[in-house]
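Have a look at the structure below before the remarks.
The values are calculated or read from the model by the stated rules, or taken from the named source; none is laboratory data. Nothing here was measured: the structure is a model prediction, and the numbers come from that model. A quick note on method: Cβ atoms are made from the backbone with ideal geometry, for glycine too, and the neighbour counts reach across all protein chains shown. Remember, those area values only see protein heavy atoms, side chains included, never the ligands or the DNA or RNA. Shrake-Rupley method; radii C 1.70, N 1.55, O 1.52, S 1.80 Å.
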Amino acid sequence: MTFTTRFAPSPTGPLHLGHAYSALLASDFARQQNGLFLLRIEDIDQTRARASWEEQIYQDLAWLGLSWPEPVLRQSSRLPRYRAALERLSALGLTYPCRCNRADIEAAAGAPQEGVPQFGPDGRIYPGTCRQRPLSDARPTDVIRLNMRAALARLPALSFIETSEELGGHISLDPEELVQAVGDIILVRRNMGSSYHLSVVVDDADQGITDVVRGADLFESTQIHVVLQTLLDLPVPRYHHHRLIRDDQGKRLAKRDDARAISKYRAEGASPQDIRQLVGLD
């Protein structure tokens, strides 16, 4: 199988130095292995996605010297694929509709048990209020959740290969920790037709991604993705969770941090090699 990486930004703001590092690293890995580097646009959240930001993504990455096969996969055109994956999980009896809003979840969570985390990689850990509701009771405004304990009961021992030096090795997942520290994740968000977790595993499989290169902030989400990949009989790629690019105060960069936007460096006369040096890839 061809060594294949990808960079998958959301067109919801400007790319910054952290994005540049992730894209350049993924492209470098692919080139070193005589493989493929793919670009994917993660635009299922149409309330925030903008065509102007998408066009700037193409411009910024091309300026950095990156290239990719066309056409670019865009998640907004793939809702039938995500729906098919959801239906497969539902046929296994592993999903349920949830109409709790954020305030409901906060109230239901109540006082946390000692030693039990309140937040996981998918946000506040859901207390299971709607877990017994049947899918036939679903409303269009409901989210759809995965019953994590029921899902894990169907699965063998779970693990994945991490290739970064800091986190590297064979990572085994603890089922009870997944239940307690991750919980019943959202598979379909309101008015979106899917969620990040469901979409990304379907897309990675369909694009033949062998090596996922992304920030260390997504390391905890990988256990969710391994669960979904195994449930859906999809291949589990290798993962490389790289260090984060941080500002002078040590905070990781966000899209609101326009001062470190690639477009700003371009406008100020920086070169692509300057960017490589700034992120430690010189």
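When 109, 157, 91, 153 are checked against the criterion of being modelled with pLDDT under 95 and of a type in the set (A, V, I, L, M, F, W, C), a single residue qualifies: 109.
Among the residues in segment 146-159, are any farther than 17 Å from residue 92 by Cβ and open to solvent by 30 Å² or more (accessible area, probe 1.4 Å)?
Yes, that holds for at least one residue.
The residues of segment 44-96 that are crowded, with 19+ Cβ neighbours inside 10 Å, in contact with a Gly (Cβ under 9 Å, 6 or more places away or on another chain) and free of Cβ contacts under 8 Å to residues at least 60 places away in the same chain amount to a single one, 53. Just one of (1) within 15 Å of residue 213 (Cβ to Cβ); (2) touching a residue at least 60 places away in the same chain (Cβ under 8 Å) fails for residue 32. It is (2). The set of residues from segment 160-184 being loosely packed, with under 15 Cβ neighbours inside 10 Å and over 29 Å from residue 130 (Cβ atoms) comprises 161, 165, 166, 168, 169, 170, 172.
If you check residue 187 against the conditions, is it without any contact (Cβ under 8 Å) to a residue 60 or more places away in the chain, open to solvent by less than 30 Å² (accessible area, probe 1.4 Å) and not in a loop (DSSP other than H, G, I, E, B)?
Criteria not met by residue 187.
Count, please, the residues in segment 119-169 that happen to be without any contact (Cβ under 8 Å) to a residue 40 or more places away in the chain and among the β-branched types (Val, Ile, Thr). Number of matching residues: 1.
Would you check which residues across segment 1-39 are under 30 Å from residue 191 (Cα atoms), part of a strand (DSSP E or B), open to solvent by 10 Å² or more (accessible area, probe 1.4 Å) and modelled with pLDDT of 95 or more and list them?
6, 7, 38, listed by residue number.
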